[in-house]
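Let me begin by presenting the structure, written as structure tokens, before commenting on it.
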Amino acid sequence: MPRILDSLSGPSVLKQLSSTELEVLAAEIRDELIRTVTNTGGHLASNLGVVELTLALHRVFDSPRDKLIWDVGHQSYVHKMLTGRKDLFFSLRQFGGLSGFTDKSESPHDHFTSGHASTSISSALGIAAARDLAGDDFHVIAIIGDGSLTGGMAFEAINQAGHLGKRLIVVLNDNGMAISPSVGAVARWSNRLRFSSRYQKAKEKAHRIFHRIPFGGWFSTVAGVAKRKFKGLVLPTMFWEDLGLTYVGPFNGHDSGELIRALEQVKKNCTGPTLVHVYTTKGKGYLPAEEDCITFHGIPPNGSGNGKGPTYSAVFADTLLRLMERNDRVVAITAAMKEGTGLCGVADRYPDRFFDVGICEQHAVTFAAGLASRGFVPVVAIYSTFLQRAFDQIIHDVCLQELPVIFAVDRAGIVGEDGKTHQGAFDLSYLSLIPGMVVAAAKDGRELEDLLYTASKSGRPVAIRYPRGSASGPLEPHEFEEIEIGKGEVLKSGQDLAILAVGTMVETAMKVAAGLENSGVSAAVVNARFVKPLDSDLIREVSGVTKRVVTLEENAPVGGLGAAVMGLLHSSGQDDVRVKCIALPDDFVEHGSQQLLRLKYRLDAGSIRREIMAAFPELSLEKPAIKPA
Ligand SMILES: Cc1ncc(C[n+]2csc(CCOP(=O)(O)OP(=O)(O)O)c2C)c(N)n1
């Protein structure tokens, strides 16, 4: 039988479908999600949870005239299928294919490119303000999850929305989960409401009596009945209405009929900022995802396997456990990424010294600063891309006050399929410009252990970056070794050129040097280890010998290792040293597998070797190739 999904030419077709057809379509979409995402990888549970909500939004509103703004954008797969991208859905998150998030360059139905949490209400409010200034008349609808609502920016936007009073619809997609359960007072409020039989009864009673009264009257009636009947009951409406938003709901996010009716009322009657509260079930309709929505929040591509050994995140978490065992002042902080950063074991073992602050990177950093100011040693584990959020907090609340906060900068460098909003391309740049900050990159798992140990003893702010993926290097347990801050190491000597590398590029540098050796070029390899402070003596010394330097880093070309080395050589008068900097491009890196992107951006050993020979062509003339015996 032909699928309704296949005949959909655009979202406007939804307006003609009967309720039964909508139900069939919802089932087809779920099948498509499960089939495709278990293959490509991606945010399966989040999307399964918004099937009916997305259908209802597209049925009631007129996209792209009305603007749907998805927070994070990880739950926009159904929206993509309904807005002309179904035939490309197979290419989700693949190189050259559909993005796993909303992307302005992909469709006129995506009005804002996103990937980071808590931006939807701000951007939607800006669009609503632009609409009013331009004399336009469309609807703007921000759809935000309860997890993303924990981000301070969402509340900053609500604060302004309540003040401006502009027509804006905020749909709160409340499934009680971020990646793990949502934390904090707002989550508690929502939970109380979800299970408040008194409120539900009041709502049902009001519904029975007044269901024919238009929206404004209907919802204020709920409040009225509840107020009269239950003195002292804290009404959900109060929280939002005190902030200047009209609250409606909560609605069953899997009942298309109820959702469509509610959204139609909102569309017809709303004149100011309105919050539509919808309860959904993460993973809805696929039992494994409903039962374990944490695992199914984001799943890897089929066949991606588990890599060679423990991931860097696992090495980090094991090391942190060891440090916490030895020193009861060491505490761990995550911004809603307990699973991703590997901290579940830490949370179980030391619940009092583990803090999940919600999706609040800024707060996480200043909270850590507060702990450090009282003699604790906070370890803040945040992905490179999300730590960007806390730039000023790192400057103003940590480094300016010389507080010993340790930043475990996970997912540094190319992260792969999550794409341009998630690549860890900038941390070496934005961290190393801050006075007093120590910026290190681990060349392998063992060095990560030693750097963390070193940081915990240093009494200084230290950031240690490490990538997504399996840790290389020796894995057997070893006693920690303190590393002198600002000291690199020579891994191989050579006379023709010196390759200075950081992090996982050190391993690549060794391969490059071996390849060059085969061409008769003698390359030294230095693990720079610290981008700040640089090992100035060592770098001056090796470059003085070779007069040719190559820097290697998986970071943007501006402000990272290469820039630091060039600055050093220039300021120390070594202008006769020629430098070739190899890094990521000065651009946003798209999505695709890590391996493919490294090839595309020529960060693999073969490409680097060719680039070196092109930069220093005299090397091939000077040195006859070594012929195998
Ligand atoms: C600034 C930022 N920090 C962390 C993340 C990682 N992240 C992606 S989705 C997500 C949970 C979002 O929860 P919610 O908004 O409730 O959506 P749900 O998946 O539950 O539908 C997190 C923490 C992010 N995208 N942006």
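Okay, here's what the table says:
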quantity	calculated
Linear extension gain, ARG322 paired with SER572, 0.36 nm per residue minus alpha-carbon span	85.9 nm
Three-way shape call for segment 491-622 based on the alpha-carbon gyration tensor, with the a/c threshold at 1.5	oblate
Heavy-atom accessible area ranking, 1.4 Å probe, most first, across ARG602, ARG609	ARG602, ARG609
C-alpha center-to-center spacing [segment 276-315, segment 49-66] in angstrom	25 Å
Estimated [θ] at 222 nm from DSSP helical runs (n ≥ 4, -39500 (n - 2.57)) normalised by residues in the chain, nearest 500	-12000 deg cm²/dmol
Accessible surface of segment 43-191 [probe 1.4 Å, protein heavy atoms]: carbon and sulfur percent	54 percent
Solvent accessible area, Å² - MET177, 1.4 Å probe, full protein context	30 Å²
Relative contact order computed over the chain (Cα-Cα under 8 Å; 6+ residues apart), in percent	11 percent
C-alpha center-to-center spacing [segment 358-395, segment 101-168] in angstrom	26 Å
Total formal charge among the other residues, if their Cβ is under 11 angstrom from that of SER120, Lys/Arg +1 and Asp/Glu -1	0
Surface accessible to a 1.4 Å probe, per residue, for the residues of the chain, Å²	40 Å²
Folded to 0 to 90 degrees: helix 445-458 orientation relative to the chain principal axis, Cα	80 degrees
Residues in segment 472-507 that a label on SER536 would reach, taking backbone N under 16 Å of a point 7 Å out along Cα→Cβ	485-488
Relative contact order (percent, whole number), segment 408-534, Cα cutoff 8 Å, 6+ residue spacing	29 percent
Part-to-part distance (alpha-carbon centres) for segment 491-538 and segment 549-600, which is given in Å	13 Å
Cα-based helix-to-principal-axis angle, 51-60 vs the chain, degrees rounded to 10	60 degrees
For ASP576, net neighbour charge (Lys/Arg +1, Asp/Glu -1) across residues whose Cβ lies under 14 Å away	+3
Spacing of the two label points (7 Å from each Cα toward its C-beta) at PHE90 and SER9, in nm	2.4 nm
Accessible surface of ARG322 - all protein chains present, 1.4 Å probe, nearest 10 Å²	70 Å²
Rounded if a/c under 1.5, otherwise prolate or oblate - the chain, Cα gyration tensor axes	prolate
Distance in nm between pseudo-label sites at LYS547 and SER19 (7 Å out along the Cβ direction from Cα)	8.4 nm
Whole-number percent relative contact order across segment 242-317, with pairs defined as alpha carbons under 8 Å at least 6 apart	27 percent
Degrees, to the nearest 10: 185-194 long Cα axis against longest axis of the chain	40 degrees
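The values are calculated or read from the model by the stated rules, or taken from the named source; none is laboratory data. Note that the structure is a prediction, hence the values are computed from the model and not measured. Methodologically, a virtual Cβ is constructed for each residue, glycine included, from the backbone with ideal geometry; neighbour enumeration extends over all protein chains shown. SASA here: full protein model, heavy atoms, side chains in, ligands and nucleic acids out. Shrake-Rupley method; radii C 1.70, N 1.55, O 1.52, S 1.80 Å.
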